[in-house]
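Student: Have a look at the structure that comes next, please.
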Amino acid sequence: MAQEHVKDYITLSDCYDVFNERLFGGGLRGCVLTFEDRGQHFGYYRQGGFIGRDGGERRDEICLNPRHFLANTGDLELLQTLVHEQVHQWQTQFGKPSLRTYHNREWADKMLSVGLTPSGTGRPGGMQTGQHMADYPTEGGVFLEIASGILAKSSLITWYKEGVAIKRAQEYAARPDGENDRAAPPIVAAMAAALPPTGESEPVRTPTKVAYQCQECGIKVWGKPDLSLICGDCHAIDGQILHLIVTASY
């Protein structure tokens, strides 16, 4: 006999559908949600990134970076990223994306209309248009209302990248007493408590430069770690983002 559900179970796909219906009037054409641990970006949107098994349908991609799933605001930050990328999808379908600045005025106005304030710094007062943009929830805005309702039912993420959890625990443990003004996720607090005293851990060797490669045309470039690069050769097609490959130099 099948057991009854004892709690709501919410997936990111469900969240996409809820935001699509309530913020975009159900007009977005759907997407494939992916995870990619690369660079410092929180996520990205790519038009037509996937094709169906029968070859007859293409789907856009919205990628979320698990490197940031333990950010200070946790699941709320994840939902911000999802809607940020949905606004890009909306603009591709119904507006006029800018090839040069990427986050243009049309995009910024749509962000404001759904309850997210664009900001180059991620804080009040930042520029609202530009190449690299963050955002924050507008107080009393519709995004915050919908997101709060979602998160009141269930947590979204229950698995984290181990390296990310270790790094967050190290950052948490290094803060002076009284500066942890937000409760850390249980995994971070537990790992922080188990860390050796400051100065006893082995120094981590980090590369001075790493290699990146475009998955479309194969071009390779060298740069410092954690760059988010767009291939100039493929940019006219779809702004292909270069993926990190393992080569490194110390």
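The values are calculated or read from the model by the stated rules, or taken from the named source; none is laboratory data. All values reported here derive from a predicted model rather than from experimental measurement. Neighbour counts run over all protein chains shown; Cβ positions are idealised from the backbone, glycine included. What goes into the accessible areas is simple: the full protein's heavy atoms, side chains included, and nothing from ligands, DNA or RNA. Shrake-Rupley method; radii C 1.70, N 1.55, O 1.52, S 1.80 Å.
Student: Which residues, taken from the range 136-156, are assigned to a helix (DSSP H, G or I) and open to solvent by less than 80 Å² (accessible area, probe 1.4 Å)?
Tutor: Of everything in the range 136-156, those that are assigned to a helix (DSSP H, G or I) and open to solvent by less than 80 Å² (accessible area, probe 1.4 Å) turn out to be 142, 143, 144, 146, 147, 148, 149, 150, 151.
Student: Hey, among the residues in the range 46-63 that are part of a strand (DSSP E or B) and among the basic types (Lys, Arg), which one's least open to solvent (accessible area, probe 1.4 Å)?
Tutor: Residue satisfying both the conditions and the ranking: 46.
Student: If you don't mind, another one. Whether any residue in the range 79-93 is in contact (Cβ under 8 Å) with a residue 40 or more places away in the chain, among the aromatic types (Phe, Trp, Tyr) and either more than 14 Å from residue 42 (Cβ to Cβ) or in contact with a Pro (Cβ under 8 Å, 6 or more places away or on another chain) (or both) is what I want to check.
Tutor: Checked against the condition, which is being in contact (Cβ under 8 Å) with a residue 40 or more places away in the chain, among the aromatic types (Phe, Trp, Tyr) and either more than 14 Å from residue 42 (Cβ to Cβ) or in contact with a Pro (Cβ under 8 Å, 6 or more places away or on another chain) (or both), the range 79-93 yields at least one hit.
Student: Do you know which residues across the range 92-126 are more than 20 Å from residue 77 (Cβ to Cβ) and part of a loop (DSSP other than H, G, I, E, B)?
Tutor: Within the range 92-126, 95, 96, 97, 99, 100, 101, 104 qualify.
Student: Restricting to the range 16-32, name every residue that is surrounded by 17 or more Cβ atoms within 10 Å (Cβ to Cβ) and part of a strand (DSSP E or B).
Tutor: Passing the criteria: only 31.
Student: What is the one condition in (1) crowded, with 17+ Cβ neighbours inside 10 Å; (2) in a loop (DSSP other than H, G, I, E, B); (3) of a type in the set (D, E, K, R) that residue 168 does not satisfy?
Tutor: Condition (2) is where residue 168 drops out.
Student: Working carefully through the options 36, 4, find the one that is at pLDDT below 90 and over 28 Å from residue 162 (Cα atoms).
Tutor: 4
Student: A further question on this structure: Please specify each residue of the range 118-154 satisfying the condition of being in contact (Cβ under 8 Å) with a residue 24 or more places away in the chain, touching a strand residue (DSSP E or B) at 6+ places or on another chain (Cβ under 8 Å) and of a type in the set (Ser, Thr, Tyr).
Tutor: 129, 136, 138
Student: Which residue is modelled with the lowest pLDDT, if the candidates are limited to the range 92-129 and must be surrounded by 16 or more Cβ atoms within 10 Å (Cβ to Cβ) and among the hydroxyl-bearing types (Ser, Thr, Tyr)?
Tutor: Per the stated criteria, the residue is 102.
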